[in-house]
1. What is the distance, in nm, between label points placed 7 Å from the Cα along the Cα-to-Cβ direction at Gln39 and at Ala14?
2. How large a share of the accessible area of segment 17-93, in percent, is made up of carbon and sulfur atoms when the probe is 1.4 Å and the other protein chains stay in place?
3. For segment 4-19, just list the computed ³J(HN,Hα) in residue order, Karplus coefficients 6.51, -1.76 and 1.60, θ = phi - 60°, integers in Hz, with x standing in for Gly and Pro.
4. From Cα pairs below 8 angstrom and at least 6 apart in sequence, can you work out the relative contact order of the chain, rounded to a whole percent?
5. Taking the Cα centre as origin and putting +1 on Lys and Arg beta-carbons and -1 on Asp and Glu beta-carbons, what dipole magnitude results for the chain, to the nearest 20 debye?
6. Could you give the accessible area per residue of segment 1-46, probe 1.4 Å, as a whole number in Å²?
7. How high is the FRET efficiency from Arg67 to Ser27, r the C-beta distance, R0 25 Å, rounded to 0.05?
Amino acid sequence: QAQLVESGGGLVQAGGSLRLSCAASGSTFSNYHRGWFRQAPGKEREFVAAVTESGGRADYADSVKGRFTISRENAKNTVYLQMSSLKPEDTAVYYCAAFGRWTMARTAASATYWGQGTQVTVSS
């Protein structure tokens, strides 16, 4: 059964860094575009970043542009989110997703697969 498993979340001070990983198994995810979303308490799930199936193109939410970097390693079926200069407002559960259509990669409802989420907490 195809599944995505996130790791790398934790507690970090403002200004610090974390790297999230999302490992895929049970299916060939190299043909899927991959993305990261986040959801803070009481808020809707929001787009963070996405990368094409080849890794050649990336897209970022304005709120993380210049601070976060998404990348993928298809040989390991894994996508990464390097987060730097973290702010308390980055605190959320971070979810990875897989998409069939790049034009829909910012839309949570269009994801084909979801991971279970990993908590990121940034203290001030």
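The values are calculated or read from the model by the stated rules, or taken from the named source; none is laboratory data. Small disclaimer: the values here were computed from a predicted structure and weren't measured. Quick reminder, even Gly has a Cβ in these numbers, built from the backbone with ideal geometry, and neighbours come from all protein chains shown. What goes into the accessible areas is simple: the full protein's heavy atoms, side chains included, and nothing from ligands, DNA or RNA. Shrake-Rupley method; radii C 1.70, N 1.55, O 1.52, S 1.80 Å.
1. That separation, rounded to one decimal, is 2.7 nm.
2. That share works out to 43 percent.
3. Karplus-based 3J(HN,Hα) across segment 4-19 equals 10, 10, 8, 8, x, x, x, 9, 9, 7, 4, x, x, 9, 8, 10 Hz.
4. Dividing the mean separation by the residue count of the chain yields 35 percent.
5. Details: 13 positive and 9 negative charges, 26 e Å.
My answer is approximately 120 debye.
6. 55 Å²
7. 0.20
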